[in-house]
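The values are calculated or read from the model by the stated rules, or taken from the named source; none is laboratory data. What you see is a predicted model; the values in this text were computed from it and never measured. Quick note on the areas: whole protein, heavy atoms, side chains included, nothing else; ligands and nucleic acids left out. Shrake-Rupley method; radii C 1.70, N 1.55, O 1.52, S 1.80 Å.
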Amino acid sequence: MAKSNFQLNDFLSNVRRKDLARASRFEIVMSSASNRGSNRDISLLCEEAAIPGLISTFAPTKIGNWTEYRAQGVEFFGDNATLTFYCNTDWNVREYFEAWMGTTADIESKEVGFYDDYVGEIDIYTLDRDDNRTGKWQLKEAWPRLLNLTPVSQASDAPVRVTVTLTYRYWTSDTLDNSPIGNIKRFVNLFKDGNSEGIAESLGF
C-alpha cells in the first residue's frame, strides 16, 4: 500500500509554526443604539460567544437516471446569537441589556420603537496568544430578543452570569467582504444609504 500523506512530524511542525486557535482567546466589541453605559465595559465581561455559521441550500436535480443535488444559494445559519456575560456587583451588565431592550418597545404602552433606533453591531474577534486579532465576524443590525432569567442561589458562590439572545439581519467577515457577493452587498447598502461618493468610489470613478 502507498505511504500515508499524514506524517506526525509534519503535524507537529505545522502546530509549532502556526499554533492552534484557542477557544478562550476572543474579544467582543459591542455597539448598541441605546447609549446606556459603557459598551467597552460590557464587552470585557463576555464569557462565551459563538462565531456565526453558513448553510448551503440545495435541491435535487434529475440528470438522466441519476438524482443529484445542486446548490441553490447560501444562507446565514441561524438568526440569533447567544452571549453570556459575567455580571459585576453594580449589575451594569443586566441593566445595559434591559435599557437596550427598552428601546425596542415601551414596556407599558407596548408601542414599538423605530428600527434604526434600537439596532446595533457586534464584532467577534479571535485572538492569538499575544492578543493580536486574527479574525473578525460582525453581526449586522443586531438587537436583543431575549434577556434570560438570571438565577441566584444561597448554595453557590459562583459569579452571576447574564445570558442574552440577540437576533441579527446578517453577518460579514473578512472572507465574505472580499467575495463578489460581499462587493454587491456593499454597493446595495451604499445605494440604500444614498452615499453617492461611496457608490462612485466602488465603481472606480
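The table for this structure:
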| read-out | value |
| --- | --- |
| All Cα pairs of the range 33-160, percent lying beyond 23 Å | 51 percent |
| Longest to shortest principal axis, alpha-carbon extents of the range 5-71, angstrom | 63, 44, 14 |
| Rg/Rg_ref, the range 90-133, where Rg_ref = 2.2 N^0.38 Å and atoms are Cα | 1.71 |
| Three-way shape label, the range 39-113, alpha-carbon gyration tensor, a/c 1.5 | oblate |
| Heavy-atom accessible area ranking, 1.4 Å probe, most first, across 26, 114, 97 | 114, 26, 97 |
| Sequence of 157, 130, 19 when ordered by accessible area, the most exposed leading, probe 1.4 angstrom | 157, 130, 19 |
